[in-house]
Amino acid sequence: MGSQAYAPPDFESSGSGAYNVSGSMASAGPGNPLLGSGNKTGSIFSFDFYQWYFNVDTPVVLYRCLLALNPFNNTPFIDSEADLNVGSPAGLIAGGDGNPDLYGPFWLCTTVIFVLFFASTLTGLLFTAWQGGKYDYKFDLLTGAAGLMYGYTFVIPTGLWLIVRYLNISPSTTLLQLISLYGYSNVTWIPVAILSISPLLGTPTLSNVIRWIMIALGFTLSGSFIGKNVYRALIPSQQSDSFVIDRKPALSVLIGVIALHMGLSFAVKILFFGTVTAPPPPTN
């Protein structure tokens, strides 16, 4: 008998899901509603389980940051119930293999904390030096920034996820998707904080107006990024007979999301870029 050359199976490469020898991708399925699907190993209480969520390439992180910074980009950041109905695996976001990550949200949030503290301190230091006074460093702003940003990045998405699960509005939306969404939206506050360091030391009123404009810009950019993706997840444009959206509770949740984001913007302005006033003249 003649011999036949061995032909290797035709594997395809992709970011998620399991593969068979014919090259077709097995459906990833909805996965864990809390954290989504992925190649996780170990117990949920082990470090190996969460290490997978920090395994992301730098170009993917940069791409997701650019999505958050561009208000005119209509690329969906998180999938919706309509995506699941047409056969896409649930729990995915834009960029790379589609798997959400915690690396970007954690480091962006940490960076924003230090940038806010640095910008606020530098603003007060420059103005006080220009007035001929002595600046008192406010290190409590650092802990305040940490509590504000970490809480908004991780606690608010958790509450939002619990609400949408309770109302059964978007069953395919995972907690990790929402944390990634809120985490990457924080990238907007980095340039906002830097631009809020106004060089107009002699005109504190005008400097305060400029800071309000910067805060409004940050609210608009990050708020539109969060709002349009939450809207798309809660109220998809395509609905099937098996999944009908009740718009009233979904719109109520969306209004709450925007209101909380407005509260964050006011907190950033008041805590870190409050009105700069001249120190009182020294008494004789």
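The values are calculated or read from the model by the stated rules, or taken from the named source; none is laboratory data. Note that the structure is predicted; figures quoted are calculated from it, not measured. For neighbour counting, all protein chains shown are included, and Cβ atoms are generated from backbone atoms with ideal geometry for every residue, glycine included.
If we scan the range 121-128, do we find a residue that is assigned to a helix (DSSP H, G or I), closer than 30 Å to Val230 by Cα and not aliphatic (A, V, I, L, M)? Within the range 121-128 (the criterion being assigned to a helix (DSSP H, G or I), closer than 30 Å to Val230 by Cα and not aliphatic (A, V, I, L, M)), the answer is no, since none of the residues qualifies.
Can Tyr50 be described as at pLDDT below 90, surrounded by fewer than 18 Cβ atoms within 10 Å (Cβ to Cβ) and not in a helix (DSSP H, G or I)? Spelling it out, it is not the case that Tyr50 is at pLDDT below 90, surrounded by fewer than 18 Cβ atoms within 10 Å (Cβ to Cβ) and not in a helix (DSSP H, G or I). Within the range 136-145, restricting attention to residues that are touching a residue at least 12 places away in the same chain (Cβ under 8 Å) and farther than 24 Å from Gly256 by Cβ, the residue that is surrounded by the fewest Cβ atoms within 10 Å (Cβ to Cβ) is Tyr137.
In the range 198-224, the residues that are within 26 Å of Leu66 (Cβ to Cβ) and among the hydroxyl-bearing types (Ser, Thr, Tyr) form Cβ pairs under 8 Å with partners that are at pLDDT below 95 and assigned to a helix (DSSP H, G or I), at six or more places apart or across chains, as follows: Ser222/Ala68.
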